[in-house]
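Before any comments, here is the structure.
The values are calculated or read from the model by the stated rules, or taken from the named source; none is laboratory data. Keep in mind it's a predicted model, so treat the numbers as computed, not measured. Because the Cβ atoms are built from the backbone with ideal geometry, glycine has one as well, and the counts that use them run over all protein chains shown. These accessible areas exclude ligands, DNA and RNA; they are computed on the full protein's heavy atoms, side chains included. Shrake-Rupley method; radii C 1.70, N 1.55, O 1.52, S 1.80 Å.
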Amino acid sequence: ILRPIVVPFIHNHHLMLQHDNARPHVARICTQFLEAENIPVLAWPAYSPDMSPIEHVWDALDWCIRLCVPVPANIQQFRTAIEQEWTNIPQANGGHTRY
């Protein structure tokens, strides 16, 4: 998924990759891939999920899914619930008004 989709998207939109410096993200194979594909990486403190806006969105999505009635009973229902709740998260505040 990275080479055919993510890399062209990053290059076409002049984006910079942000990750949380978790071990899998900074493994030699990952850093070599990013360098080889000329993907710029934002310098970011290790173990700082509270500084990452997307972490707040994941938290809001988690709360929304936990409040679903009825609770998703299988993978397909879970996926549908995630997709539905994702579209309901207000972009202006990361969903903080939902919980």
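Quick check: is even one residue across region 33-44 modelled with pLDDT under 90, outside any loop (DSSP other than H, G, I, E, B) and among the β-branched types (Val, Ile, Thr)? No, there is no match, as no residue in region 33-44 is modelled with pLDDT under 90, outside any loop (DSSP other than H, G, I, E, B) and among the β-branched types (Val, Ile, Thr). Residues of region 80-92 being within 15 Å of Trp63 (Cα to Cα) and loosely packed, with under 13 Cβ neighbours inside 10 Å, which ones? Glu83, Gln84, Thr87, Asn88, Pro90, listed by residue number. Residue-level check: of (1) open to solvent by 100 Å² or more (accessible area, probe 1.4 Å); (2) modelled with pLDDT under 80, Leu67 misses just (2).
Taking the criterion of being surrounded by 12 or more Cβ atoms within 10 Å (Cβ to Cβ), farther than 21 Å from Glu55 by Cβ and of a type outside the set (A, V, I, L, M, F, W, C), the residues of region 9-39 that qualify are His11, Thr31, Glu37.
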